[in-house]
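Here's the structure we're looking at; comments come further down.
Just so it is clear, none of the values below were taken in a lab; they were calculated from the coordinates. Just so it is clear, the structure is predicted and the values come from calculations on it, not from any experiment. All Cβ positions, glycine included, derive from the backbone under ideal geometry; neighbour counts span all protein chains shown.
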Amino acid sequence: MNATTASSTEPTATMKARSMKAAVQRHYGSPEQIHTDTVAVPAPGEGEVLVEVHAAGVDRGVWHLATGRPLVIRAIGFGLRRPKQPVMGSDVAGVVTAVGAGVTRFVVGDEVFGTADGSYAQFAIAKEDRLAAKPARTSMTEAGAMPVSAVAALQAVEDTAKVESGQRVLILGASGGVGSFAVQIAVAAGAHVTGVASAAKAELVRELGAERVIDYRTTEVTELDEQFDVIIDAGSLTSLGRLRRILSPTGTLVLVGGEGGDSLIGGSGRSLVAPLVSLFTKQRLTGMISATDAVLLGRLAMLVESGAVHAAATSTYPLERTADAVTDLAAGRVAGKAIITVRDVA
Ligand SMILES: NC(=O)c1ccc[n+]([C@@H]2O[C@H](COP(=O)([O-])OP(=O)(O)OC[C@H]3O[C@@H](n4cnc5c(N)ncnc54)[C@H](OP(=O)(O)O)[C@@H]3O)[C@@H](O)[C@H]2O)c1
């Protein structure tokens, strides 16, 4: 569907804005190559809305899509030779400015958060079932930080690990995007949380509710003389065998990510092997692939409204500095979430 066939609810301002600024990466390579360019404003098709982007979070996935690494991601639909979607970004918080045919959940003017392909731009198209109403309690900037990372944390802690009150939970990568939300969600469930993070970010993890923080640079956590009922691994670099050593005999290990590894499949080998090893032990070992949808975003919004979850320390970057944001995240220079602020709003 093109812009002229979009819903008549499209406002005049958007109709006039036929082009927009966007952060693009047309070839796989260093994220430093991400640059701002002028591209056409997309038009919403059936079941889609056009969002005027206010803020959009940065997560590890953006680095993977910019670099095309590991190579397997190119084969699973993101573009064999170059990114299929050159406009980067997935997280989004903003205002609906046009609706496509058949959209029933949103009208122009609604404040929303969720995921949209190509959200590092002034406007982005989102499927209506990938959006929810922005929690009133939170700013656009905070809401933009949440969708990918907080939904992954929600699925890891509540749906996959089924964390219960009183359990001992270890969260690796506790200072990062997924981990900072996972700490809060596990604490809200009544768990005793130990976080693993670098010393510089330990205070942040404590503020999120962790009872204890272990610095992975000075302590090999898998050598601890204790065991955990649940391990959520968003640090993504520790071997399955080592993690099993500190998991209780009937405990659950959730492998959220997979970093490092070879150029073909990267660190995802652990998640492929985990279910097979699970067959021969009472420990439950599992990977997970999160998918943001309206139901999960609604659950997240309720946690936010209750005060249990917020976006931890955030670093904001204007659209023109998207390359710096992705580079800083990959280099470990970001605590919590990096956020691209497209409109200068709170
Ligand atoms: N399964 C899914 O659907 C899904 C969804 C979202 C993300 N992910 C994956 O989850 C992982 C985390 O993503 P993210 O966006 O949260 O990344 P992030 O924000 O970059 O956080 C990475 C975390 O890992 C920690 N870390 C770095 N090196 C470490 C080491 N050697 N040992 C232990 N911890 C270490 C960092 O600690 P410091 O910063 O304190 O050094 C930080 O807390 C990535 O692999 C990502 O691809 C998967």
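Only DSSP H runs of four or more residues enter the estimate; each adds -39500 (n - 2.57), and after division by the residues of the chain the mean residue ellipticity at 222 nm equals -6500 deg cm²/dmol. Taking amide hydrogens as placed 1.01 Å from N in the peptide plane, the amide H of Leu131 sits under 5 Å from those of Ala294, each at least 5 positions away in sequence or on another chain.
Once each of the trypsin sites (Lys or Arg not before Pro) sitting in a DSSP loop with at most 16 other beta-carbon atoms within 10 Å is removed, the chain keeps 218-281 as its longest stretch.
Here the dipole of the chain is about 660 debye; that uses its Cα centre as origin and unit charges on the Cβ of Lys and Arg (positive) and Asp and Glu (negative).
Computing Rg and the Kirkwood Rh from the Cα coordinates of the chain gives a ratio, Rg/Rh, of 0.98.
Between Thr67, Gly257, Val169, the Cα set farthest toward the positive side of the dipole of the chain (charges on each charged residue's Cβ, about the Cα centre) is that of Thr67. Count Lys and Arg as plus one, Asp and Glu as minus one, and take only other residues whose Cβ is under 15 Å from that of Glu164; the net charge is then 0. Using θ = phi - 60° in the Karplus curve 6.51 cos²θ - 1.76 cosθ + 1.60, the 3J(HN,Hα) couplings for the stretch 255-265 round to 8, 7, x, x, 9, x, x, 8, 6, 7, 10 Hz; x is entered for Gly and Pro. With a cut-off of 12 Å between beta carbons, the residues surrounding Pro249 carry a summed charge of +3, where Lys and Arg count +1 and Asp and Glu -1. Projecting label points 7 angstrom from Cα along Cα→Cβ for Glu320 and Glu223 puts them 4.9 nm apart. Comparing mean-square fluctuations of Ala132, Ala210, Ala313 from a GNM of the chain with C-alpha springs under 10 Å, the top value falls on Ala313. Here the Kirkwood formula, the inverse mean of 1/r across different C-alpha pairs, assigns the stretch 226-275 a hydrodynamic radius of 11.1 Å. Charged neighbours of Lys127, selected by a Cβ distance under 13 Å, balance to -4 (K, R count +1; D, E count -1). For the stretch 77-87, the Karplus equation 6.51 cos²θ - 1.76 cosθ + 1.60, evaluated at θ = phi - 60°, returns couplings of x, 8, x, 5, 9, 8, x, 4, 10, x, 7 Hz by residue, with Gly and Pro reported as x. Restricting attention to the chain, close to 55% of DSSP beta bridges with both partner residues there are antiparallel. Connecting C-alpha atoms closer than 10 Å in a GNM of the chain, tell me which of Ile185, Ile34, Ile265 has the biggest fluctuation. Comparing Ile185, Ile34, Ile265 in the GNM, the peak value goes to Ile265.
Checking the cross-link pairs Lys21/Lys134; Lys84/Lys201; Lys201/Lys282; Lys162/Lys201; Lys127/Lys201; Lys21/Lys201 against a 29 Å limit on the alpha carbon distance flags Lys84/Lys201; Lys201/Lys282; Lys127/Lys201; Lys21/Lys201 as lying beyond it.
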